[in-house]
Amino acid sequence: MVSTPLPSPCFSPSFFLDGTAAVFSVCLRGVSFTVKVCGVTRHEDAAAALALGADFIGVNAWERSPRFVAGGALPALLAAIPAGRRVCVDVQPDDNKLLAAQAAGADFFQIHFDPFAERARECAEAWAARVGRGRLWLAPRVAPEDAWPRWVAELADTLLFDGHRAGQFGGTGRTADGARFRQLFAEYPQTRWILAGGLGEGTVAAAWENGARFFDLNSGVEDSPGVKSAAKLARVLAVLRGCAAA
């Protein structure tokens, strides 16, 4: 899947979650990592990211996001992405929106939400029941001073830890708390953790040192919101390959 030669390469399909989606991760000397490019709005950016080696493409269905892809364009963009790599990103969607995303061809569902809101757990249980915990990627908004909501790990195999900004759901561009990520990684070893927040050429090496192996790239590989830069993405991937090969 990666178009450039790599030292000591081994490319093999890794079956994540419920075993139905084959995802190709870069494996160098026994160390692998996974990359999702999120906030994609253009077909050409999805194609370029996949050609460079991205494992997943995230498409935003939340109307208040600067990277929002309107309902009519969403199915066409998802259809341009290979099956097994399509991630629909939303914020606290109702059942109708989830059904629409499923009908549009999404494979995975990254849902940002406030875990401390009234009925938060009830809503998350409904999302898990609708799409299955293997296809649900939960992204709880948790402030640095808040205790981590332990029940979240009971409902999804994959959790996303993001940089926090008050009043904002995802896409903050703020670097996540590395110490807290390490702590959560140790406390929930059975969870597949995605790290997001301000990841770019200058920050992914530190994220690697903090234990991240699944990287959610967004603003750090953009020229402007929703317009991705193949050059920036290539540089980030080069850093990650260097980390994996070290």
Quiz prompt | Number of the exception - Q183 against (1) outside any loop (DSSP other than H, G, I, E, B); (2) at pLDDT 95 or above | solution = (2)
Quiz prompt | Selection from region 221-235 of residues that are outside any loop (DSSP other than H, G, I, E, B) and either surrounded by fewer than 23 Cβ atoms within 10 Å (Cβ to Cβ) or of a type in the set (K, R) (or both) | solution = E222, D223, S224, V227, K228, A230, A231, K232, A234, R235
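Listed here are the residues, each with its yes/no results for (1) touching a Ser or Thr at 6+ places or on another chain (Cβ under 9 Å); (2) farther than 24 Å from F214 by Cβ.
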| site | (1), (2) |
| --- | --- |
| G53 | yes, no |
| A61 | no, no |
| A73 | yes, yes |
| L78 | no, no |
| A83 | no, no |
| V91 | yes, no |
| N96 | no, yes |
Self-check item: Every residue from region 208-220 that is among the hydrophobic types (A, V, I, L, M, F, W, C) and either over 20 Å from I57 (Cβ atoms) or assigned to a loop (DSSP other than H, G, I, E, B) (or both)
Solution: W208, A212
Exercise. Could you please let me know if V142 is surrounded by 15 or more Cβ atoms within 10 Å (Cβ to Cβ), modelled with pLDDT under 95 and in contact with a Phe, Trp or Tyr (Cβ under 7 Å, 6 or more places away or on another chain)?
Key: yes
Quiz prompt | Pairs, first more than 18 Å from L50 (Cβ to Cβ) in region 63-84, second modelled with pLDDT under 95 and β-branched (V, I, T), C-beta under 6 Å, six or more apart | solution = none
Quiz item: Quick check: is even one residue across region 53-69 in contact with a Cys (Cβ under 7 Å, 6 or more places away or on another chain), over 23 Å from A153 (Cα atoms) and either at pLDDT 95 or above or surrounded by 23 or more Cβ atoms within 10 Å (Cβ to Cβ) (or both)?
Solution: yes
Quiz item: Which is surrounded by fewer than 17 Cβ atoms within 10 Å (Cβ to Cβ) and under 23 Å from L217 (Cα atoms), of A83, A101?
Solution: A83
Practice problem: Could you grab me the full set of residues in region 111-123 that are assigned to a loop (DSSP other than H, G, I, E, B) and over 30 Å from A73 (Cβ atoms)? | Solution: P115, F116, E118, R119
Practice problem: Considering every residue within region 196-204, establish whether at least one is at pLDDT below 95 and more than 20 Å from G226 (Cα to Cα). | Solution: no
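The values are calculated or read from the model by the stated rules, or taken from the named source; none is laboratory data. Only a predicted model underlies this, so the values are computations on that prediction, with no experimental measurement involved. As a convention, Cβ positions derive from the backbone with ideal geometry for all residues, glycine included, and neighbour counts pool all protein chains shown.
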